[in-house]
1. Where the second residue is surrounded by 13 or more Cβ atoms within 10 Å (Cβ to Cβ) and assigned to a helix (DSSP H, G or I) and the first is at positive phi and among the aromatic types (Phe, Trp, Tyr) and lies in the range 1-28, which pairs have Cβ atoms under 8 Å and are six or more apart or on separate chains?
2. Out of curiosity, is Phe11 surrounded by 10 or more Cβ atoms within 10 Å (Cβ to Cβ) and at pLDDT below 85?
3. Going through Thr22, Thr53 one at a time, which residue ends up being open to solvent by less than 70 Å² (accessible area, probe 1.4 Å) and among the polar types (S, T, N, Q)?
4. Looking at Leu40, Leu30, which one is within 14 Å of the chain's Cα centre (by Cα) and either open to solvent by less than 60 Å² (accessible area, probe 1.4 Å) or at pLDDT 85 or above (or both)?
Amino acid sequence: MEAVAEAVPMFRQPRVKRAQHTELMLGLLLGAMLAGLSLLIRRHHMVPRGGVTLLAQLTAGAFGTGWAYYASASSSLSCWASPRTPASAAFRS
């Protein structure tokens with residue numbers, strides 16, 4: 001969301017309307033992803049287990065626990081560890 005706000009000067013005219021449309025689409029996409037994850041968790045009757053998140057359980061169910069599982073985990077870790085994201089900055093302070 002912050003990236004869209006900072007990029008408003010780069011949008012074509014009408015900038016504000018296009019930025020609002022982009023924010024709305026991002027919100028809808030995020031909502032669809034959340035609904036999809038919730039549906040998968042409920043459909044597979046997953047419950048929290050000690051030391052394993054529900055997202056890790058879903059990933060292991062989809063890919064197994066081989067190289068694809070670890071590739072997925074490493075891509076998530078690289079996004080979290082990126083120095084330019086607000087999320088990683090919150091964990092560094």
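The values are calculated or read from the model by the stated rules, or taken from the named source; none is laboratory data. Everything numeric in this text was worked out from a predicted model, so none of it was measured. Don't worry about glycine lacking a Cβ; one is built from the backbone with ideal geometry, like all the others, and counts go over all protein chains shown. With ligands, DNA and RNA removed, areas are computed over all heavy atoms of the protein, side chains included. Shrake-Rupley method; radii C 1.70, N 1.55, O 1.52, S 1.80 Å.
1. So the pair list comes out empty.
2. Details: surrounded by 10 or more Cβ atoms within 10 Å (Cβ to Cβ): yes; at pLDDT below 85: yes.
Yes: the conditions hold for Phe11.
3. Values: Thr53 fails: open to solvent by less than 70 Å² (accessible area, probe 1.4 Å).
Sole residue among the options that is open to solvent by less than 70 Å² (accessible area, probe 1.4 Å) and among the polar types (S, T, N, Q): Thr22.
4. Leu30
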